[in-house]
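The values are calculated or read from the model by the stated rules, or taken from the named source; none is laboratory data. Keep in mind that this is a model prediction, so the values were computed, not measured. Positions of Cβ are generated from backbone atoms using ideal geometry, with glycine treated the same way; all protein chains shown enter the neighbour counts. Each accessible area value is taken on the protein alone, full model and side chains, heavy atoms only, with ligands, DNA and RNA left out. Shrake-Rupley method; radii C 1.70, N 1.55, O 1.52, S 1.80 Å.
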Amino acid sequence: LPMGTLASMSPEQAVSGGANVDTRGDVYSLGILLYELVCGRPAFDPAELSALGYPAALEILQHREVPSPSSVIAGLTSADAAESAACRNTSPAKWHSTVKGDLDQVIMKCLEKDRSRRYETVNGLALDLARFLASEPVLARPPSALYRFRKFVARNRAACISSLAILLTVLAGFAVSTGMYLRENAALKEQQRLRQQAQARANVSQASLLLSQGKTEKADAILRQTPLDTIEPSPEAT
């Protein structure tokens, strides 16, 4: 087991027992401290982690997403918010508005599960905090939608694979149904075309008979009911 307090330990330190850590682990631990100082609550409850045991606690450190400090403040009861704000010589509304936004982003950048997304050094964190205090744009940025999606898939791999399998099954069924519908529709259109051809040829034969009998008006009336573009030459005529 790694030496130290799990609640303030970076995921990679908890997993490796301290063998695979660098300065970004220090950034994470400072982020845990900042988190509690800013919103008055620890990012992870030490009592909960202790009660769960090491394997379950490790799972939490690796995969449970920490709510932003401003969302923690927003979720406080009126009495708790007023008491905590008074300790900071401010009002609940001012406390929340100060934390929400840039300070949220700075702290949450420290607490990224993927250490490559944290500040590279403690000095980088200090400089961004200085930018915040000077009302300058901070370098911390929220993760992209693609990055959040990848993390979601990593956390819910089994469910995502199952959902993908269901989706592929539905799409395959839809493709088969669509193919059957298109073939049936084509067959119906071909049947209709053949019926029209048969009727057109019958009309032409009847008109020819009427013409041979000198009944030109009747023959003309029949031919007018038979558009020329519906008449295809018979195989014998080609």
Residues being closer than 18 Å to Leu111 by Cβ, open to solvent by 30 Å² or more (accessible area, probe 1.4 Å) and touching a residue at least 40 places away in the same chain (Cβ under 8 Å) - total across segment 43-57:
1
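Can you pull out the helices (runs of 4 or more DSSP H) entirely within segment 9-115 that have at least 3 residues that are closer than 26 Å to Asn156 by Cβ? Walk me through it before giving the result.
Values: elements: 11-16, 23-39, 46-52, 54-63, 69-74, 78-87, 92-99, 102-110.
Where helices (runs of 4 or more DSSP H) fall fully within segment 9-115 and carry at least 3 residues being closer than 26 Å to Asn156 by Cβ, they are 11-16, 23-39, 46-52, 54-63, 69-74, 102-110.
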Can you name every residue in segment 78-115 that is open to solvent by 50 Å² or more (accessible area, probe 1.4 Å), more than 36 Å from the chain's Cα centre (by Cα) and farther than 16 Å from Arg41 by Cβ?
Ala86, Asn89, Ser91
Would you confirm, using the coordinates I've provided, whether Cys160 is open to solvent by less than 40 Å² (accessible area, probe 1.4 Å), farther than 26 Å from Ser10 by Cα and touching a Phe, Trp or Tyr at 6+ places or on another chain (Cβ under 9 Å)?
yes
Mind listing whichever residues of segment 58-86 are free of Cβ contacts under 8 Å to residues at least 40 places away in the same chain, among the hydrophobic types (A, V, I, L, M, F, W, C) and under 24 Å from Ala7 (Cα atoms)?
Ile60, Val72, Ile73, Ala74, Leu76, Ala81
